[in-house]
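K.L.:
Sharing a structure with you now.
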Amino acid sequence: MRHGKYPFIIGFLAVPVALYVTFVVAAYIQTFQLAFTNWSGLGAIEYIGFDNFVKLWNDDLFWRSVGHNLYLLILLPIITIAIALVFAFLLNVGGGRNRGVWGSTGYRVIFFFPQLMALAIVAVIFGRVFSTDESGMLNGLFPDSWSPWLFLADERWALTCILAVAVWQAVGFYVVLFSAGMGSIEQDIYEAAELDGANRITLFFRITIPLLWNTLQVAWVYLGIAAFDCFALINIMSVDRGGPDGATSVLAMLIYRNAFEYSQAGYASALGVALFFLTLTFAALTLRVTRRDAV
Amino acid sequence: MADITNSELDRRSLLRRAGAVGLAAIPAVSMLSACVGGGSEETPEQATGEKSAENPLGVDPKAGLEIVIFDGGLGTKYATDVDTPLYNKKWPDSAVTYSATQEVSTVIQPRINAGDAPDMINNSGSKLMDFGAVVNAGQAQELTELFAAPSWDVEGKTVGETLVPGAIEQGTYNGKPYAVNYAYTVFGLWYNKALFTKNNWAAPTTWAEFTALLDKIKAAGITPFGYAGANASYYMVRAIMTSAGKIGTEQVLKDIDNLKAGAWTNDAVLKAAEAWAGIGKTYLDKSFLGLKHTEVQLRQNQDKLAFYPCGSWLENEQAKDTPPGFEYAVAPYPSVTDADKLPAAALNAAAGEIYFVAAKGKNPRGGMEYLRGMLSKEAALGFTKLTKSLTVVAGAADGQTISPGLTSAGEAITKAGSDIFMGYLFDTWYKKLDDESRIAANDLMFKDYDAKKFCDRMEAAAQAVAADSSITKFNRS
């Protein structure tokens, strides 16, 4: 069997690796290369050293966008995981005696619905929910005498509105993920703990969370990645795409605008390089911080 | 088989792989910017034919032609039903490949970079390509020859001589023409003439009349003035700039386009911004900041909004939502002060909708011939009938009654006489400045009503563009 091993593995990997090299690695290398040019997106390429990075360092909107990315990076995973954990717990053990609360099967399906919808559709729908006139769902609920809430048009709340939609969309998937994780926890452990007099809250914090730790880690990394993107939601929902006045601008949005609207592909690539290192740092940090001995 | 079963995933390596997915998400972003091909340096073999009186541009009668039309407010019917049949009548052996897109830059730019450009491109819409960059990269065919060629159906005149004044200048970059700006757009305050006649309201000419009328409209329970802050704030920018132009002549706008220091802090700009900020403060509905142009335009169709700053494409864009009895009409922006240098009837009308020929396409001669066909009187009238939009072909739609909005725009042009000005170009030349002006206009009209801040902010942004060596500069005189 030993001789057969490598041809066998190579046979499996050749196509994916070739695709990965062409569409991911090559694109990376090109982005790094372009970051040192003042290429407009069309025509000749001229190398300008670190000028793009100097410009980036002095770009106020870049730092604000990084700030918005960090805001999403911290809040999106925390809120999503917290809500998903509570729901998953209620669906699986919330009813006591290792049963979910009444109607769990139905809820499980409903929670998963948002995940099935294309992000663009979700964004358009929530655009209507947050609409600033009385045709908006939320403003329509308020009494007529109130002046309309601006939601996405209010720079203080715009990013929070986007965050709310991202959470709404993500929760369902993590409810399912955590439910599966909880399902694999031995019933005996719960029974033993219950015999020892543990109540539901103790069960949740002392049994469920520690045994789910690995799943939580995965969820954290995935949600962090989602937080680095958010491009689709912001592109469709926000005022003036990234506005009002840059209040919802994130790195992905900034890259897009520079590359395709300002004809500054070189600068956009420098932004891409910055985003690359930010994501790398995030992934490394997450793995380090959440490292913990197996229970 | 033990080797295979031994290589089971432990959870930690699964996590590491999850981290790797994070890295995979970046190129997805980076690739957006990385559709690099450097722009093919060498030009592919291009079709040419023999020049003659019948064939002034030297078209190869057998070469195919690829055209791409922007599918927006003007629709695409004019290309498929008027222009292409006209072209094919003359060149029956040239197969025209037609496609339409709403995302011009996303679809066309990678093709240009890959050396596979379509021959004639309609660069328009919110995702248009930065045309200055296209010209600068040598990807647009110089059109001097086209404008010097004899007109398709006007005896004894060249193509250039059949156009309205300023039409060629609009597509001229550093002294050479590269684009046909085909549609002739009249900008102003659009309103429903039927509603105004019913209420005995007359279009204002001075600012005092304007505010007095807005008060009356407000009292009648109609939002007097509004624009869509979410995606169409550049309509408001156009209103402010037009007022500035009327106060201090078009020179004010030329200085702005030329990035002259102090151009934005000019007294005319400040006065215009102050006047409009006053309108924003008193008459604008705050919720409009979060609305899109379609929503606002629909409200006007429902007579819930009186004045809307826009261009003459509006009537056609709203055609299917306009109820019977609704008659679009346009009024020039009223004079801001008594000392305005241009009269109240002065009008901002400009050629718009860029059509250009790819310099490095397979059949640039055919592309130019297609444009020559579009600039015939026959095609221009067909375009106007289908799109309810005038063209730069002078007098092509004269004597035709096509729609109320078009009639009103025609009257406004006649009344303005020689006081028609083309406006400004900084928004197409410097996209970044365009974005800044949209944000600044929204702040001015919805938030702080601070004209000084508007001017200072734009001045700073303009000077930043002027100082940025990576941005190609243009000039007009």
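A short reminder: the numbers here are calculations on the coordinates, not readings from a lab. These numbers come from a predicted model, not from an experiment. Neighbour counts run over all protein chains shown; Cβ positions are idealised from the backbone, glycine included.
K.L.:
When the dipole is taken about the Cα centre of chain B, and only Lys, Arg (+1) and Asp, Glu (-1) are charged at their Cβ, what size is it in debye, to the nearest 20?
P.N.:
The calculation lands at about 1020 debye.
K.L.:
On to the next question. Checking the a/c ratio against 1.5 first, then a/b against b/c, what shape does the Cα gyration tensor give for segment B:378-473?
P.N.:
Prolate, because a/c is 1.5 or more and a/b exceeds b/c.
K.L.:
Which Cα, out of B:Ala202, B:Ala219, B:Val237, lies furthest along the positive dipole direction of segment B:191-247 (beta carbon charges, K/R +1, D/E -1)?
P.N.:
Sorting the options by dipole projection puts first B:Ala202.
K.L.:
Next up: So how far apart, in nm, are the two label points at A:Leu13 and A:Leu75 if each is 7 Å from Cα heading toward Cβ?
P.N.:
Between A:Leu13 and A:Leu75, the label points sit 4.3 nm apart.
K.L.:
At a Cα cut-off below 16 Å, give the lysines reachable from B:Lys62, other chains included and same-chain residues fewer than 8 away excluded.
P.N.:
B:Lys51, B:Lys89, B:Lys90, B:Lys362
K.L.:
Please work out the Kirkwood hydrodynamic radius for segment A:53-289, using every pair of different C-alpha atoms, and report it in angstroms with one decimal place.
P.N.:
Result for segment A:53-289, one decimal place: 19.8 Å.
K.L.:
Picking from B:Ala346, B:Ala416, B:Asn266, whose Cα lies most toward the positive end of the charge dipole for the protein assembly as shown (charges on Cβ: Lys, Arg +1; Asp, Glu -1)?
P.N.:
Checked the options; the winner is B:Asn266.
K.L.:
Could you compute the FRET efficiency for A:Ile209 and B:Gln102, with r as their C-beta to C-beta distance and R0 at 45 Å, rounded to 0.05?
P.N.:
That pair, A:Ile209 with B:Gln102, gives E of 0.40.
K.L.:
A further question on this structure: Rounded if a/c is under 1.5, else prolate if a/b beats b/c, else oblate: with a ≥ b ≥ c from the C-alpha gyration tensor eigenvalues square-rooted, which is segment B:314-440?
P.N.:
In terms of gyration-tensor shape, oblate.
K.L.:
Anything over 31 Å Cα to Cα? Flag those among B:Lys198/B:Lys388; B:Lys176/B:Lys271; B:Lys176/B:Lys320, in the order listed. Walk me through the intermediate numbers first.
P.N.:
Details: B:Lys198/B:Lys388 25 Å; B:Lys176/B:Lys271 35 Å; B:Lys176/B:Lys320 40 Å.
With Cα atoms farther than 31 Å apart: B:Lys176/B:Lys271; B:Lys176/B:Lys320.
K.L.:
Can you grab the distance from the C-alpha centre of segment B:62-133 to the C-alpha centre of segment A:200-242, Å, no decimals?
P.N.:
About 44 Å separates the Cα centre of segment B:62-133 from the one of segment A:200-242.
K.L.:
Treat every Asp and Glu Cβ in segment A:53-289 as -1 and every Lys and Arg Cβ as +1, leave all other atoms uncharged, and give the resulting dipole magnitude about the Cα centre to the nearest 20 debye. Walk me through the numbers on the way to the answer.
P.N.:
Details: 12 positive and 16 negative charges, 80 e Å.
Here segment A:53-289 has a charge dipole of around 380 debye.
K.L.:
Note down the magnitude of the dipole of the protein assembly as shown about its Cα centre, charges +1 on Lys and Arg C-beta and -1 on Asp and Glu C-beta and zero elsewhere, to the nearest 20 debye.
P.N.:
Taking the Cα centre of the protein assembly as shown as origin, the dipole is about 1620 debye.
K.L.:
Okay, helix-only estimate at 222 nm for chain A: each DSSP H run of n ≥ 4 adds -39500 (n - 2.57), divide by all residues, round to 500 deg cm²/dmol; what do you get?
P.N.:
Numbers: 13 runs with 195 residues, N = 295.
Estimated from H runs of four or more residues: -21500 deg cm²/dmol.
K.L.:
Further, regarding this structure: Per-residue HN-Hα couplings for segment B:242-255, Karplus 6.51 cos²θ - 1.76 cosθ + 1.60 at θ = phi - 60°, whole Hz, x for Gly and Pro?
P.N.:
The phi angles translate into 5, 4, 4, x, 6, 5, x, 6, 5, 4, 4, 6, 5, 4 Hz.
K.L.:
Can you tell me how segment B:233-371 classifies by the Cα gyration tensor, rounded, prolate or oblate, using a/c under 1.5 as the rounded cut?
P.N.:
The shape class here is oblate.
K.L.:
Same structure, new question: What's the center-to-center distance, using Cα atoms, between segment A:30-92 and segment B:270-293 in Å?
P.N.:
Result: 33 Å between the Cα centres.
K.L.:
In chain B, if the dipole is taken from +1 on Lys/Arg beta carbons and -1 on Asp/Glu beta carbons about the Cα centre, which of B:Val82, B:Thr387, B:Val59 is farthest to the positive end?
P.N.:
B:Thr387
K.L.:
Quote to one decimal, in nm, the extra length available between A:Phe50 and A:Ser135 on full extension: 0.36 nm per residue of separation minus the C-alpha distance between them.
P.N.:
Separation in residues times 0.36 nm, less the Cα-Cα distance, equals 25.7 nm.
K.L.:
Here's a follow-up. Considering only C-alpha atoms, what is the centroid distance from segment B:403-425 to segment B:208-266, in Å?
P.N.:
Here the answer is 17 Å between Cα centres.
K.L.:
Restricting to lysine pairs 8 or more places apart or on different chains, what number in segment B:401-453 have Cα atoms under 29 Å apart?
P.N.:
On the way: B:Lys431/B:Lys447; B:Lys431/B:Lys452; B:Lys431/B:Lys453; B:Lys432/B:Lys447; B:Lys432/B:Lys452; B:Lys432/B:Lys453.
Qualifying lysine pairs in segment B:401-453: 6.
K.L.:
Here's a follow-up. Aspartates and glutamates within cross-link reach of B:Lys218: Cα-Cα under 15 Å, excluding same-chain residues under 8 positions apart?
P.N.:
Counting by Cα, and skipping residues close in sequence, B:Lys218 has these aspartates and glutamates nearby: B:Glu209, B:Asp285, B:Asp303.
K.L.:
Treating the Cα atoms of chain B as identical point scatterers in vacuum, please give the log10 of the normalised Debye intensity I(q)/I(0) at q = 0.08, 0.12 Å⁻¹, two decimals.
P.N.:
Scattering profile of chain B, log10 relative to I(0): -0.53, -1.08.
K.L.:
Follow-up question, since we're still on this one. What 222 nm value per residue comes from the helices of chain B, counting each DSSP H run with n ≥ 4 as -39,500 (n - 2.57) and dividing by all residues, nearest 500 deg cm²/dmol?
P.N.:
Values: 20 runs with 201 residues, N = 477.
Mean residue ellipticity, 222 nm, calculated: -12500 deg cm²/dmol.
K.L.:
What aspartates and glutamates sit close enough to A:Lys55 to cross-link, taking a C-alpha to C-alpha distance under 13 Å and skipping anything fewer than 8 places away on the same chain?
P.N.:
Here the aspartates and glutamates satisfying the reach criterion relative to A:Lys55 are B:Asp468.
K.L.:
What FRET efficiency comes out for the pair A:Thr22/B:Asn199, r = Cβ-Cβ distance, R0 = 56 Å, nearest 0.05?
P.N.:
Working: r = 66 Å, r/R0 = 1.17.
So the FRET efficiency works out to roughly 0.30.
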